[in-house]
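Take a look at the structure set out below.
Readers should treat all values here as calculations from the given coordinates under stated rules, not as data from a laboratory. From a predicted model like this one, the values you see are computed outputs, not experimental measurements. Positions of Cβ are generated from backbone atoms using ideal geometry, with glycine treated the same way; all protein chains shown enter the neighbour counts.
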2 protein chains.
Amino acid sequence: MSKSGQPLAVIDLNADGCCAPMAQSRIPSEAAGTLAQAFKALGDPIRLQLMSMIASAPGGEICVCELTPAFEISGPTISHHLKVLKESGLVTAERRASWVYYRPQPALMRRLSLLLDIDNQPPA
Amino acid sequence: MSKSGQPLAVIDLNADGCCAPMAQSRIPSEAAGTLAQAFKALGDPIRLQLMSMIASAPGGEICVCELTPAFEISGPTISHHLKVLKESGLVTAERRASWVYYRPQPALMRRLSLLLDIDNQPPA
DNA sequence: AAGCGGTTTCGATGATTGTCGAAACCGAGA
DNA sequence: TCTCGGTTTCGACAATCATCGAAACCGCTT
């Protein structure tokens with residue numbers, strides 16, 4: 001892609017018929033709902049930090065038991081925010097023994113990133 | 001570029017000390033508020049479509065009079081959503097005669113895009 | 001100056017959200 | 001089977017939000 005200097009020959013439209021940079025074309029209303037839900041999930045300071053901790057976790061996953069003490073809000077509230085992230089499709093959760101581990105979902109992160117990528121110009 | 005001699009090839013940290021991909025490092029809590037506000041602004045289907053219409057406008061700007069009839073909600077509500085986008089820093093507005101034109105703010109769009117860019121790996 | 005069309009502000013209202021404590025759930029040991 | 005620590009769900013509440021119609025504002029044009 002543009003960042004690596006290698007042109008992504010064709011914008012890879014997905015099922016919703018949408019993931020081209022928004023600077024190139026208007027987002028179809030059918031796709032706007034799903035995409036807005038993901039952005040909304042990132043639209044809270046706590047959730048944004050949670051997402052960044054999950055995305056940057058060494059090993060690709062992180063335990064709730066490591067997330068909770070990193071904030072000054074209650075456990076149930078952290079759990080609520082993680083649920084919002086999960087329902088938006090940005091993360092997945094897996095229980096192992098007593099602990100639950102969260103991992104990022106790179107596909108959706110890429111899609112949002114590309115959507116905002118104003119430097120990715122349309123083919124000349 | 002970077003003030004120190006460290007060869008930050010790609011990542012250009014800004015005043016908040018933050019815009020590296022979230023897959024690389026946790027977002028500082030001081031920056032989370034501002035960034036979350038921008039994501040929140042995009043977290044509504046109407047606003048996301050408005051943003052995409054502004055970002056993809058030929059000539060780099062678009063008139064409110066062209067945005068309003070594209071939706072089935074009232075003028076005041078469109079105006080409200082545009083205000084939210086403006087206050088988040090994603091767009092700017094300029095009045096010329098009776099019409100108001102909105103333009104995207106590429107810097108913030110780039111920052112958000114980079115934040116989500118999971119493929120941008122840290123320097124080896 | 002008076003009217004007009006485009007846009008924003010104001011005030012109100014129903015819906016959604018972030019937060020908490022209490023309670024329930026779930027695996028692992030004892 | 002009983003308890004225990006980690007996690008989620010439930011129920012409640014104050015705060016924020018999306019939306020509307022009415023009113024105000026702002027430049028033209030007459």
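Local charge sum around residue B:103 (other residues, Cβ-Cβ under 10 Å, Lys/Arg +1, Asp/Glu -1)? Its environment carries a net charge of -2.
With Cβ to Cβ distances under 13 Å as the rule, what net charge do the other residues near residue A:73 carry (K, R +1; D, E -1)? Cβ neighbours under 13 Å give a net charge of -1. Averaged over the residues of B:103-112, the number of partner chain Cβ atoms lying within 10 Å of the residue Cβ comes to 3. Summing +1 for each Lys or Arg and -1 for each Asp or Glu among the other residues whose beta-carbon sits under 11 angstrom from that of residue A:88 gives +3. Where does the stretch B:17-66 land on Rg/Rh, using Cα atoms and the Kirkwood Rh? Looking at the stretch B:17-66, the ratio lands at 1.13. Taken residue by residue and averaged, Cβ atoms of other chains lying within 10 Å of the Cβ of A:50-63 number 4. 3J(HN,Hα) couplings calculated from phi for the stretch A:19-34 with the Karplus curve 6.51 cos²θ - 1.76 cosθ + 1.60 (θ = phi - 60°) are, in sequence order, 6, 5, x, 5, 6, 8, 8, 5, 6, x, 4, 5, 7, 4, x, 4 Hz; Gly and Pro show x. Going from the fewest other Cβ atoms within 10 Å to the most, the residues B:56, A:113, A:98 appear in the order A:98, B:56, A:113.
For residue A:100, the residues 5 or more places off, or on other chains, whose built amide H falls under 5 Å of its own are A:64, A:65.
Here's the picture: a label point sits 7 Å out from the Cα of residue B:63 along the beta-carbon direction, and within the stretch B:70-112 the residues with their amide nitrogen under 12 Å of it are B:96-102. With a Förster radius of 25 Å applied to the C-beta separation of residue B:74 and residue B:103, the computed FRET efficiency comes to 0.60.
For the stretch B:21-103, the Kirkwood estimate of hydrodynamic radius, built from reciprocal distances between every pair of different alpha carbons, is 13.8 Å. Distances between equivalent label points of residue B:77 across the copies, with each point positioned 7 Å along Cα→Cβ, amount to 3.1 nm, shortest listed first. Distances between copies at residue A:66, taken between label points 7 Å from Cα along the C-beta direction, are 4.9 nm in increasing order. For the stretch A:72-124, the convex hull spanned by the alpha carbon atoms encloses 100 Å³ per residue.
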